[in-house]
Amino acid sequence: MGTTEWELVCGLEVHAHLKTRTKMFCRCELEYGGAENTHTCPVCLAHPGALPVPNARAIELTILLGLALDCEIAERAVFARKNYFYPDLPKGYQISQYEAPLCGPGRFLLPTEAGDREIGIVRAHLEEDAAKTVHAGGATGRSVGADYSLVDFNRGGTPLLEIVSAPDLRSADEAMSYLRLLRQTIRELDVSNADMEKGTLRADVNVSVRPAGEVGFRPRWEIKNMNSFRFIGRAIEAAFRQQVAAHEAGEEVAQSTYDYEPDTDRLTVHRSKEEADDYRYFPEPDLVPVEPPAELVEQLRGQVPERPADRIRRLTAELDFAAADELVSTGNEWKAEALATAGLDWKTAAAVAMNRGDFLPENASVLARIVEANVTREALDEAFAAAAEGLIGADAYLSRTAVGDEDTLAPVIDAVIAANPEQVETYRGGKEGVLGFLVGQVMRETQGKADPKVVNQLLREKLRRG
């Protein structure tokens, strides 16, 4: 193994389905989960002579996100043909943007404990999505090894916004933090549902490595169509390991497209990486350039809310950085703020917001009283479930207080400690996360009636004394 210190260089290409009623260039209605090939027409099926008409709402949503990313908004944007052949692309080309995108260079502020990191945005451009190829048979669900493949054209033509970052990310954790906060920005603007499980948010990951201090970039690997935060992080780490190993062994690292195999935690070559010239871009002859009116841009600028990075900084006055970052990145910030405004201390409000579902804001004051009263877990579960459906009162829950008497809880805690010697030794070995398991065992033995705070405190004391 060499002694070189290697640095990760990573950039993301994030694709989001825009929240429009119809497709990008035709009037076919968008419906997630609709029966296969039921939302199609001559335009999105590429029948000869069918001409595209751009979706004005998709253009507005693209500009809106571009403004939130401090992008330069083009005075004149041009749609282009991106030529390639694949079964899910009936025209033999995709209508996209290349030399003149709607949104040019911008920046995204990524908060860290040490201060904000500025991640460059190269461009945010508008295009149409391809159709969906479904590979049947085989073990992988991919084209390799499949018995046959089918195409569902419902997705073909869906407005797709692509946000291309500069290669400014330096770790898998940083890449995932960027992606989570970008997703939250997209959701708050109501530009897209940005749901990875449904495929309305996907990411291509570009990874290369270089010796620390080296200027310039080495050949990169592109990992396509990732739709899981966990797998994106693992894929970046796997690419880093494999590229470092190749460089140190004196092997060539070729620029290629890769698939990530979660079961083996390795990347395998899919195909050689295409460059822009391979796609033979040229202006789409059937569409005129888009020239957004200055008054429209200014109107949309006024719709951009306070940015997530700014709110994280503001919340660090009440919480530590990690808690503030988690609240904002997960979209749970409003619940914590509602409960804190109703009287809960911020630390408790943040913990409740992260561990409880949504509720009607009008119930925040009642829920704050119930949380402060240390009612049983069962009562708390029922209160939050009811608070999501309609207005609730406190009396029915406040009478069901949790057991916090030490004399009552001590025998139960002793029994749990005696029954779980392996977890006790793990905790005493320094892994404090095991405490949650032991607290859960006490709560189970008391049928959820114990006060978790008291249980936590008593367990720590008994485990410390040995």
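The numbers here are math on the coordinates, done by the rules we state, and not lab data. The structure displayed is predicted, hence computed values, not measured ones. Cβ placement follows ideal geometry from the backbone for every residue including glycine, while neighbour counts extend to all protein chains displayed.
3J(HN,Hα) along segment 354-370: 6, 10, 10, x, 5, 9, 5, x, 5, 8, 4, 5, 5, 5, 4, 4, 5 Hz, from the Karplus curve 6.51 cos²θ - 1.76 cosθ + 1.60 with θ = phi - 60°, whole Hz, x for Gly and Pro.
Computed extension gain for Glu7 through Ser171, at 0.36 nm per residue and net of the alpha carbon distance, reaches 58.2 nm.
Starting from the Cα of Thr268, step 7 Å along the direction of its Cβ; do the same at Asp147; then give the gap between the two resulting points in nm. Spacing of the two 7 Å Cα→Cβ label points: 2.0 nm. Highest mean first, the peptides 57-67, 31-41 sorted by other C-beta atoms within 10 Å per residue fall in the order 57-67, 31-41. Net length available on complete extension from Arg76 to Phe217 is 47.6 nm, with 0.36 nm assigned per residue and the Cα-Cα distance removed.
Calculate, for Arg234 and Thr401, the FRET efficiency according to 1/(1 + (r/R0)^6) with r their C-beta to C-beta distance and R0 35 Å; round to the nearest 0.05.
0.20
Rg and Dmax of segment 314-451, based on Cα coordinates, read 16.9, 47 Å.
Backbone geometry of segment 212-225 corresponds, through the Karplus equation with coefficients 6.51, -1.76 and 1.60 at θ = phi - 60°, to 3J(HN,Hα) couplings of 4, x, 6, 9, x, 10, 9, x, 10, 10, 9, 9, 8, 6 Hz, x marking Gly and Pro.
Among the listed pairs Lys82/Lys132; Lys19/Lys347; Lys23/Lys224, a Cα-Cα separation exceeding 28 Å is found for Lys19/Lys347. With 0.36 nm allotted per residue and the present C-alpha distance subtracted, the Asp310-Ala388 stretch has 25.2 nm of extension available.
By the Cβ distance rule of under 4.7 Å, the chain has these cysteines without a partner: Cys10, Cys26, Cys28, Cys41, Cys44.
For Arg266, the amide hydrogen comes within under 5 Å of the amide hydrogens of Glu261, counting only partners 5 or more places away or on other chains and with H modelled in the peptide plane.
For segment 287-302, putting each phi into the Karplus relation 6.51 cos²θ - 1.76 cosθ + 1.60 with θ = phi - 60° gives couplings of 10, 7, x, 9, 10, x, x, 4, 5, 5, 4, 5, 4, 5, 4, x Hz, in residue order, rounded to whole numbers and with x for Gly and Pro.
Spin-label model, Phe437/Thr330: points 7 Å from Cα along the beta carbon direction are separated by 2.1 nm. Cross-link reach is defined here as a Cα-Cα straight distance under 19 Å, omitting same-chain residues fewer than 8 places apart; for Lys431 the aspartates and glutamates meeting it are Glu422, Glu461.
So the label point goes 7 Å from the Cα of Glu291 along Cα→C-beta, right? Which residues of segment 51-88 then have their backbone N under 16 Å from it? Under 16 Å, as judged by backbone N against the label point of Glu291, lie 74-79 of segment 51-88.
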